[in-house]
Amino acid sequence: MKLLGAIFDADGTLLNSMHIWRNLGERYLISLGIVPEEGLSGKLWPLSYDEGCEYLMKNYDLKRSVSEIQQGISRMIEKFYAEEVELKPGVCEFLEVLSEKNIPMVIATSGDRNLLSSALRRNKIAEYFDEIFTCSELGTDKRHSKIFLACAEFLKLKPENIAVFEDSLFAIEAAKSSGFVTFGIEDASSINDKTRIIETANYYIYDWRKICNEDSFNDCRK
């Protein structure tokens, strides 16, 4: 395979950030000096954003409206991306390898453009990417290949010459269905899908620090 372009997911792939989404409720309560119940994240995860905030308001007798809780959580997320979130080990080195080989790179994310941009700037990798594509701006999600095809159109390359780096099973399935070469990225948030990701993706990356180059996939073991 001749790698001519690359599409990267952000959260869980480039950024070690998925834990905040799992632990938002706990972090918010702790910021208020309240000890969260054991297993709170498991109770909140299936709920919508509004439902989760309402759960916190009612079960912890918070003297705040759902809207005020949402605003507080939003500020906490903004602070995390602007000041705390780190790259996964080895990411910067791999991006530099691709950059030296003049391989164009873009990001396809389900997240917020502004949050991501602040994280990329702080971690000094924003300059590696020619464009950021977001699901919300394209009116889609990663269960469909629309965002990946939009990236391919921007790159002016065929899917079979583009590597897609993703940590989620459904995104890998969508990209692969449209002919992209898929790389599954190990992340704690998708550990329950690890076996299926390994089976589905063309390659699987256990650690960015051990990533192969685009000419030899010896270190990308299935």
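Conditions tested, residue by residue: (1) at pLDDT below 95; (2) more than 25 Å from GLU186 (Cα to Cα); (3) out of contact with any Lys or Arg (no Cβ under 6 Å at 6 or more places or on another chain).
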| residue | (1), (2), (3) |
| --- | --- |
| ALA6 | no, no, yes |
| ASP9 | no, no, yes |
| LEU24 | yes, no, yes |
| GLY42 | yes, no, yes |
| PRO46 | yes, no, yes |
| LEU56 | no, yes, yes |
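Are there any helices (runs of 4 or more DSSP H) wholly within the stretch 1-90 with 3 or more residues that are within 30 Å of ASN202 (Cα to Cα) and open to solvent by 40 Å² or more (accessible area, probe 1.4 Å), and if so which?
Counting at least 3 such residues, we get 18-22.
Do you know which of the residues in the stretch 100-114 that are outside any helix (DSSP H, G or I) and free of Cβ contacts under 8 Å to residues at least 40 places away in the same chain is farthest from the chain's Cα centre (by Cα)?
Applying the filter and picking the extreme gives ASN102.
Looking at the stretch 147-177, which of its residues are among the aromatic types (Phe, Trp, Tyr), open to solvent by 30 Å² or more (accessible area, probe 1.4 Å) and under 25 Å from ASP193 (Cβ atoms)?
PHE170
Please specify each residue of the stretch 116-146 satisfying the condition of being open to solvent by less than 90 Å² (accessible area, probe 1.4 Å), of a type outside the set (Ser, Thr, Tyr), farther than 18 Å from GLU96 by Cα and free of Cβ contacts under 8 Å to residues at least 12 places away in the same chain.
Once the filter is applied, which keeps residues that are open to solvent by less than 90 Å² (accessible area, probe 1.4 Å), of a type outside the set (Ser, Thr, Tyr), farther than 18 Å from GLU96 by Cα and free of Cβ contacts under 8 Å to residues at least 12 places away in the same chain, the stretch 116-146 yields only GLY139.
Can you pull out every residue in the stretch 97-112 that is surrounded by fewer than 16 Cβ atoms within 10 Å (Cβ to Cβ) and either among the polar types (S, T, N, Q) or modelled with pLDDT of 95 or more (or both)?
If the condition is that a residue be surrounded by fewer than 16 Cβ atoms within 10 Å (Cβ to Cβ) and either among the polar types (S, T, N, Q) or modelled with pLDDT of 95 or more (or both), then SER99, ASN102 are the ones that fit.
Restricting the first residue to the stretch 152-166 and requiring it to be in contact (Cβ under 8 Å) with a residue 12 or more places away in the chain and basic (Lys, Arg), which pairs with a second residue that is open to solvent by 10 Å² or more (accessible area, probe 1.4 Å) and assigned to a loop (DSSP other than H, G, I, E, B) meet a Cβ separation below 9 Å and a spacing of at least six or different chains?
Short answer, once both residue conditions are applied: LYS158/LEU4; LYS158/GLY179.
Would you call VAL85 more than 17 Å from TYR49 (Cβ to Cβ) and touching an Asp or Glu at 6+ places or on another chain (Cβ under 6 Å)?
Considered against the rule, which asks whether it is more than 17 Å from TYR49 (Cβ to Cβ) and touching an Asp or Glu at 6+ places or on another chain (Cβ under 6 Å), VAL85 comes out as no.
The values are calculated or read from the model by the stated rules, or taken from the named source; none is laboratory data. All values reported here derive from a predicted model rather than from experimental measurement. FYI the Cβ positions are ideal-geometry reconstructions off the backbone, even for glycines, and counts take in every protein chain you see. Surface areas here come from the heavy atoms of the whole protein model, side chains and all, with no ligands, DNA or RNA. Shrake-Rupley method; radii C 1.70, N 1.55, O 1.52, S 1.80 Å.
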